[in-house]
Amino acid sequence: KVLDASTLSFGTRVRWFAICFVAGIACSVLGTALLWLPKGIKLFAVFYTLGNIAALASTCFLMGPLKQLKAMFESKRLIATVVMLV
């Protein structure tokens with residue numbers, strides 16, 4: 001059902017959006033905080049990447065994954081999408 005977000009109820013989609021979005025922010029903040037530890041660069045990379053993935057997943061719950069991908073790869077957003085993925 002996650003692959004077809006339109007079959008989920010609106011409340012369920014909003015709930016999972018909030019969960020993923022908050023988890024994404026938490027991972028990003030945690031990664032930034034861990035940056036100052038020894039070997040913190042690796043921990044930063046892992047947690048910041050997980051945070052970005054969770055934030056992207058959160059919007060998939062609202063829009064649906066196919067609509068999200070189509071929007072990300074529109075010509076006006078293509079450069080930003082490629083930079084973010086790289």
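The fraction of accessible area contributed by carbon and sulfur in the chain is 76 percent, rounded to a whole number (1.4 Å probe; ligands and nucleic acids excluded). Between Thr7 and Ile19, the simple spin-label model (points 7 angstrom out along Cα→Cβ) gives 1.8 nm.
Shown in residue order for region 32-37 are the 3J(HN,Hα) couplings computed by the Karplus curve 6.51 cos²θ - 1.76 cosθ + 1.60 at θ = phi - 60°: 5, 5, 6, 4, 8, 7 Hz (x for Gly and Pro). The candidates Phe21, Phe10, Phe44, arranged from most to least accessible area with a 1.4 Å probe in the full protein assembly, appear as Phe10, Phe21, Phe44. Summed over the residues of the chain and divided among them, the accessible surface reaches 73 Å² per residue at a probe radius of 1.4 Å. In terms of the mean number of neighbouring beta-carbon atoms within 10 Å, the peptides 28-37, 48-57, 67-76 order highest first as 48-57, 28-37, 67-76. Using only side-chain charges placed at the Cβ, +1 for Lys and Arg and -1 for Asp and Glu, the dipole size of the chain relative to its Cα centre rounds to 40 debye. The sum of -39500 (n - 2.57) across all DSSP H runs of n ≥ 4, divided by the residue count of the chain, sets its helix-only mean residue ellipticity at 222 nm to -25000 deg cm²/dmol. Among the listed values (1) 3, 16, 18, 19, 17, 14, 8, 4, 1, 0; (2) 3, 13, 15, 13, 11, 9, 9, 7, 6, 5, 4, 3, 2, 1, 0, 0; (3) 3, 10, 10, 11, 9, 9, 11, 13, 13, 8, 3, 1, 0, the one computed from these coordinates for P(r) over Cα pairs in 5 Å bins from 0, in percent is (1).
The values are calculated or read from the model by the stated rules, or taken from the named source; none is laboratory data. Quick caveat, the model's predicted, so the values are computed rather than measured. No Cβ is skipped: glycine too gets one built from the backbone with ideal geometry, and neighbour counts run over all protein chains shown. Note: areas computed on protein heavy atoms with side chains; ligands, DNA, RNA excluded. Shrake-Rupley method; radii C 1.70, N 1.55, O 1.52, S 1.80 Å.
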